1. What list of ³J(HN,Hα) couplings, whole Hz, do you get for the stretch 126-133 from phi and the Karplus terms 6.51, -1.76, 1.60, once you set θ to phi - 60° and write x for glycine and proline?
2. If you stretched the chain out fully between residue 67 and residue 31, how much longer would it get, using 0.36 nm times the residue separation minus the C-alpha to C-alpha distance?
3. When the chain is fully extended, how far beyond the present Cα-Cα distance does residue 350 get from residue 237, taking 0.36 nm per residue of separation?
4. Return one number: the angle in degrees, 0 to 90 and rounded to the nearest 10, between the long axis of the Cα atoms of helix 18-30 and the longest principal axis of the Cα atoms of the chain.
5. What area, in nm² and to one decimal, does the C-alpha convex hull of the stretch 181-388 cast on average over all directions?
6. Pop the C-beta distance of residue 370 and residue 98 into the FRET formula with R0 = 51 Å and round what comes out to the nearest 0.05.
7. Plugging the Kirkwood radius over Cα pairs into Stokes-Einstein for the stretch 19-173, at a temperature of 20 °C and a viscosity of 1.002 mPa s, what D comes out in µm²/s?
8. Beyond 29 Å, how much of the Cα-Cα pair distribution for the chain remains, as a whole percent?
Amino acid sequence: MILKDKKILLGVSSSIAIYKALELVRLFKREGAEVFVVMTRNAKKLINPLLFSALSGNPTFWEMFLEEKKYLHLELVQNIHLFLIAPATANIISKIAHGIADDLLTTSVLACKSPIVIAPAMNVNMWEKKVIQQNIENLKRNGFFIIEPEEGELGCGEKGKGRMAEPEKILNFVKSLLLEEKKRIKFVITGGATESNIDKIRIITNRASGLLSVLLAEICHQLGYEVTLILGRSEYYPALPIKVKRVSTNEEMLNAIKEEAAENTCLIMNAAPCDYQVKEIFPSKLKDEELELKLVRNIDILKALKETQFLCKVGFSCDTENELKEGERKLKEKSLSICVINPSETIGKKEIKATLLFENGKKKEFPLMDKKEFAFKLIEEIELWLKEKHLIQ
Ligand SMILES: Cc1cc2nc3c(=O)[nH]c(=O)nc-3n(C[C@H](O)[C@H](O)[C@H](O)COP(=O)(O)O)c2cc1C
């Protein structure tokens with residue numbers, strides 16, 4: 001649901017490629033966007049608007065002068081994130097290039113302050129006409145985004161350039177345009193367990209699997225954020241091209257976070273660092289009948305980062321008793337934006353039943369769910385938090 005909360009206005013004109021606009025509505029909906037459709041009167045002659053309404057779940061518009069909606073051309077573009085015109089006929093392209101506003105679609109274009117993307121579709125001779133090429137250049141110069149048509153067999157039976165780009169390609173273009181803002185924000189996510197040496201061979205560590213951190217990193221990557229995963233001991237590794245830094249000890253993890261903390265960074269401290277370390281590491285592998293280990297407190301990574309600036313700092317709290325109180329204590333002591341209370345039973349499991357505590361006192365409990373589902377929900381909560389703080393739109 002990468003386009004969740006995004007509103008897209010789809011302008012449809014009367015090209016043979018109009019059937020692909022139906023697929024576009026379906027793809028945008030699948031990604032969570034809300035879609036409204038505005039058609040030209042000629043487009044209505046090729047496809048019944050009811051089909052767009054049924055797929056988008058919203059009414060479809062084409063009429064400019066309506067008694068009940070006097071400023072529909074302004075209303076349609078008021079809160080949209082993007083206006084996509086697909087398919088765009090030679091006629092629509094030329095009208096927009098010259099600022100003509102003689103119907104609802106073209107008038108809405110003039111009233112629109114959001115990015116406007118145009119996907120032309122036409123016969124090869126029409127596409128190659130000098131005047132159309134000049135109009136396309138004119139649109140590009142004026143800030144319109146053009147998704148070039150493709151070469152191949154055309155609806156009319158001829159071959160050449162003019163086929164509207166495939167809906168999946170248009171979807172990808174829209175996604176990268178809408179997610180541009182996210183590239184400004186970086187997520188540093190820690191995961192897995194750290195270790196503490198007993199000697200050159202043996203270690204002490206904990207049961208954390210690293211699964212949630214890998215899922216969080218993959219979701220952030222898919223959403224368009226820059227991501228670094230700082231991973232201790234873990235059974236899991238990302239399947240996507242994500243920057244991963246492997247570390248063993250708390251000290252290494254702390255240093256890696258400091259290295260990665262740039263401007264506009266959100267930290268999700270999902271790792272389970274060893275809170276104790278062996279006081280004196282044995283220089284060789286001892287074979288005595290009995291060994292006594294003295295453990296001392298290890299570096300508290302979040303406390304050590306108290307002075308480091310993050311857009312948002314998310315910590316995890318896992319205890320066997322007084323979970324809520326411990327979570328509240330960590331939220332304050334470690335200056336967290338959000339503290340995730342993670343019950344000890346879910347360590348190493350594929351499911352989680354978490355509670356979120358927010359710095360403003362808000363509390364949110366989630367039922368037992370798949371860690372992937374929870375990872376999505378946690379990122380949604382972080383985005384909401386960033387929006388409330390006006391750090392993202
Ligand atoms: C079956 C059919 C398919 C058409 N396909 C296209 C097309 O792909 N591209 C185009 O520019 N015009 C195409 N036309 C011509 C346009 O429909 C015509 O120029 C119309 O006036 C454009 O109106 P509109 O831009 O307001 O929708 C087609 C016409 C018909 C009858």
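1. Values per residue, Gly and Pro as x: 5, 4, 7, 3, 4, 5, 5, 4 Hz.
2. Fully extending the segment from residue 67 to residue 31 adds 9.5 nm.
3. 39.2 nm
4. For 18-30 against the chain, the angle is about 20 degrees.
5. 12.2 nm²
6. That pair, residue 370 with residue 98, gives E of 0.45.
7. Diffusion coefficient, whole number: 134 µm²/s.
8. Roughly 54 percent, once rounded to a whole number.
The values are calculated or read from the model by the stated rules, or taken from the named source; none is laboratory data. If you're wondering where the values come from, they're calculated on a predicted model, not measured in any experiment. FYI the Cβ positions are ideal-geometry reconstructions off the backbone, even for glycines, and counts take in every protein chain you see. Heavy atoms of the whole protein, side chains included, go into the accessibility calculation; ligands, DNA and RNA do not. Shrake-Rupley method; radii C 1.70, N 1.55, O 1.52, S 1.80 Å.
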